[in-house]
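The values are calculated or read from the model by the stated rules, or taken from the named source; none is laboratory data. Owing to the predicted nature of the structure, the values given are computational and were not obtained by experimental measurement. Positions of Cβ are backbone-derived with ideal geometry, glycine not excepted, and every protein chain shown enters the neighbour counts.
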């Protein structure tokens, strides 16, 4: 299964992450192969790598929330099974870089997580309800593990205790 990926880098801040196009391609390929959803061969995904100011505008315009966030997803109009265009994902550099630093993980690992998270939203996954969140997070964790990225929802993967969870992207 292969996807068609369109990348737009709107903020020069993203030059801090070397090999962004390769990272995006490999991450989306792994997500597509492990998501469990039947996708059309060559289905398109568009990614916008922007700054906090731009994602704040998008967040205000489309979610009526005044403030930056790490990732936003805008699913295409067709069902996943028939979609030639799956949708758009926007990722904000400053928020993602700050979260990576706070969590003591690499910018690359956190960017992979945001790409996978955004991609799953394009496929209809959500985390508004607890059962939806558990299903989406389990899928994210599995996909990220395929790329050697540890569970992003635990502060320390060796300690799976209550209160040790991280905040979900987009919240």
Over segment 33-53, the set of residues over 25 Å from residue 139 (Cβ atoms), within 17 Å of the chain's Cα centre (by Cα) and surrounded by fewer than 19 Cβ atoms within 10 Å (Cβ to Cβ) is 51
Of the listed residues (13, 23, 58, 48), the one being under 15 Å from residue 116 (Cβ atoms) and at pLDDT 95 or above is 23
Regarding residue 124, is this residue under 16 Å from residue 46 (Cβ atoms) and either touching a residue at least 24 places away in the same chain (Cβ under 8 Å) or in contact with a helix residue (DSSP H, G or I) (Cβ under 6 Å, 6 or more places away or on another chain) (or both)?
no
By residue number, the members of segment 11-28 that are more than 22 Å from residue 135 (Cβ to Cβ) and surrounded by 14 or more Cβ atoms within 10 Å (Cβ to Cβ) are 11, 13, 14, 17, 20, 23, 24, 25, 26
Residue 86 vs (1) farther than 22 Å from residue 44 by Cα; (2) modelled with pLDDT of 95 or more: all pass except (1)
Residue 115 - would you say it is touching a helix residue (DSSP H, G or I) at 6+ places or on another chain (Cβ under 6 Å), assigned to a strand (DSSP E or B) and either at pLDDT below 95 or under 22 Å from residue 137 (Cα atoms) (or both)?
no
